1. For the protein assembly as shown, what is one quarter of the convex hull surface built on the Cα atoms, given in nm²?
2. For chain B, just say rounded, prolate or oblate: build the C-alpha gyration tensor, square-root its eigenvalues into a ≥ b ≥ c, call rounded for a/c under 1.5, and beyond that prolate if a/b exceeds b/c, oblate if not.
3. Say R0 is 35 Å: what FRET efficiency, to the nearest 0.05, do A:TRP103 and B:HIS127 get from their beta-carbon distance?
4. Tell me, how many Å apart are the Cα centres for the stretch A:49-105 and for the stretch B:141-157?
5. Can you compute the modelled spin-label distance between A:PHE91 and A:ALA49, with each label point 7 Å from Cα toward Cβ, in nm?
6. Mean residue ellipticity at 222 nm from the helices of the protein assembly as shown, using -39,500 (n - 2.57) per DSSP H segment of n ≥ 4 over the full residue count, to the nearest 500 deg cm²/dmol?
7. Computed FRET efficiency, Cβ-Cβ of A:GLN21 and B:THR43, R0 41 Å: what is it to the nearest 0.05?
8. Would you list B:LYS26, B:LYS97 from fewest to most Cβ contacts within 10 Å?
Amino acid sequence: MASQQSASNHSNRRHKHEGRQKHIVAFIFSIVLSLIAFAAVASVAEVNATFIIIILLVMAVLQVIIQMAYWMHMKDKGHLLPLVFMLGGAFVALTCIVMALYWVWW
Amino acid sequence: MSAHGHHVEGEWPHQPENATLEGRNKVLGFWLFLGGEAVLFGTLFATFLALRDQVGDGPTAAELFKLPIVGAATLILLVSSLTSVFAVQALHQNKVKDLIKWLIVTVLLGFSFLGLEIYEFVEYIHHGHNFTTSAFSTAFYTLVGFHGAHVAFGVLWITLLIIQVKKKGLNLVTAPKVYVSAIYWHFIDVVWVFIFTVVYLMGRVV
């Protein structure tokens, strides 16, 4: 990957542009994960609610990781600081959620 | 980051958004902004989660939400994220026509998402679910409406970028702008994943 990158900086003709396939795969994964979540809720009568909520949250987190890695290019090189910013943001956001629930309900 | 710095004059670089210092700063600054946006949406999600059962005399989430319309909105936004990433690929390959084509498709999908959301909100108001009906309704409209406002800003922003790229062409000044707007559009999609999960689907479960 690294050698490919440096080689591509020298000549326009040797640019190796990524294909569409991996983005379409990320799209299909997103659709499937969403469908699982919607199907879990549609079947709510038979299964217990806590179990479904855990499924929903796992599907959401997986989908967000896939979209950030591929569509927001976070798996590419030079994305350490964006990762720090986003994880920092997610950490504060999660703290807010826990604190709001704690203040209101315990 | 230094690996992207070897831009040769006259060639279209592999990652045009990273080819100039201005572009690199723009991308980095935008990620810092998105970290702040994550916190902002986090506080709105926190408020919603704390208040979502406080419906007072108003309708509950389970009475209001219809899965088909939420599914349609989800599909529209997912497809628009895909067309947005196609736009960035066209940007990397210096294909201006493809870039503009995919940006236009993205904007049109953004508009249809907004249309669907407006239809949905009007429907809720007919069911007696106004902004001030209950703590739940206020938290709902604030969170989902704030996301909708982001979509509205996104379609406006990308529309202006289409006009600018048509006028000034695709170059190392306009390329980072388009790249950053695509990152913003994906972020909106990421927030929507949590909205359809936490607000709509969890609202139907409990």
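Each value in this text was obtained by applying a stated rule to the coordinates, not by laboratory testing. Bear in mind that the values here come from a model prediction, so they are computed numbers and not experimental data. Neighbour counts are summed over all protein chains in view; Cβ atoms, including those assigned to glycine, are modelled from backbone coordinates with ideal geometry.
1. Numbers: hull surface 65.7 nm².
Average of the hull's projected areas for the protein assembly as shown equals 16.4 nm².
2. Numbers: a/c = 3.13, a/b = 2.19, b/c = 1.43.
Prolate, because a/c is 1.5 or more and a/b exceeds b/c.
3. Working: r = 30 Å, r/R0 = 0.86.
FRET efficiency, A:TRP103 to B:HIS127: 0.70.
4. If you average the Cα positions of each part, the centres end up 20 Å apart.
5. For the pair A:PHE91/A:ALA49, the computed spacing is 3.3 nm.
6. My calculation for the protein assembly as shown gives -25500 deg cm²/dmol from helical runs alone.
7. Numbers: r = 38 Å, r/R0 = 0.93.
That pair, A:GLN21 with B:THR43, gives E of 0.60.
8. Numbers: B:LYS26 17, B:LYS97 8.
With the fewest neighbours first, B:LYS26, B:LYS97 line up as B:LYS97, B:LYS26.
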